[in-house]
1. Compute the helix-to-body angle for 58-78: its Cα long axis versus the longest principal axis of the chain, expressed 0 to 90° and rounded to tens.
2. What translational diffusion coefficient, in µm²/s and rounded to a whole number, does the Stokes-Einstein relation yield for the range 91-179 at 4 °C and a viscosity of 1.567 mPa s, taking the hydrodynamic radius as the Kirkwood radius over Cα pairs?
3. Run the quick spin-label model on residue 76 and residue 24: label points 7 Å from Cα toward the beta carbon, then report their separation in nm to one decimal.
4. Between helix 6-19 and the chain, what is the angle of the helix's C-alpha long axis to the longest principal axis, kept within 0 to 90° and rounded to the nearest 10?
5. What's the ranking of 139-150, 29-40 by average number of surrounding C-beta atoms within 10 Å, highest first?
6. Convex hull over the Cα atoms of the chain, averaged projected area in nm²?
7. Given the peptides 155-165, 105-115, arrange them by the average over their residues of other C-beta atoms within 10 Å, most packed first.
8. Just how far, in whole angstrom, is the range 114-147 from the range 151-179 if you go by their alpha carbon centroids?
């Protein structure tokens, strides 16, 4: 039996109508972004564009889980602040919203905690995947530095490394690299 294409043909007009409900790429605002229905899918906003990063891999999620548990335990025991993980929006500045894999916000920056989004964290950990490696190493460090994120970790499971960068004079300097 050959599959028919009729169901796809009937879905196409509906897809176009749904797509027309949303702004064009380059015209998204924070209001548009935060009006989206709740989802467990990563969605970021950058320069008026809605960005949907690739689905995380099993290895990525395992690394994120380990980092979150480790950091959360460390922070809770010392009452240092809070630790969260994606998908949870972080507003770096107006019109720039990222969803870091794991982030820490110090207790003294409690004013940055929001129900819908957080302000810039004190520490961001990004776990690279084949589909995110370029952005995690080129775009995000510049953005996090501009937002004043004091520490940025890049965890790369494919080469089993952790790189810790600290913000000095507006840019990140490598503090340590473990493999």
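1. That works out to roughly 40 degrees.
2. Values: Rh = 13.4 Å.
The diffusion coefficient I find is 97 µm²/s.
3. 4.9 nm
4. Result, in degrees: 50.
5. Values: 139-150: 18.0, 29-40: 10.8.
Result, highest mean Cβ count within 10 Å first: 139-150, 29-40.
6. On the way: hull surface 54.1 nm².
The directionally averaged projection comes out at 13.5 nm².
7. Details: 155-165: 15.6, 105-115: 12.8.
Answer by packing, highest mean first, reads 155-165, 105-115.
8. Centre-to-centre distance over Cα atoms comes out at 12 Å.
We did not get these values from a lab; they are worked out from the coordinates using the rules stated. Bear in mind that the values here come from a model prediction, so they are computed numbers and not experimental data. Cβ coordinates were reconstructed from backbone atoms using ideal geometry, including for glycine residues, and neighbour counts include every protein chain displayed.
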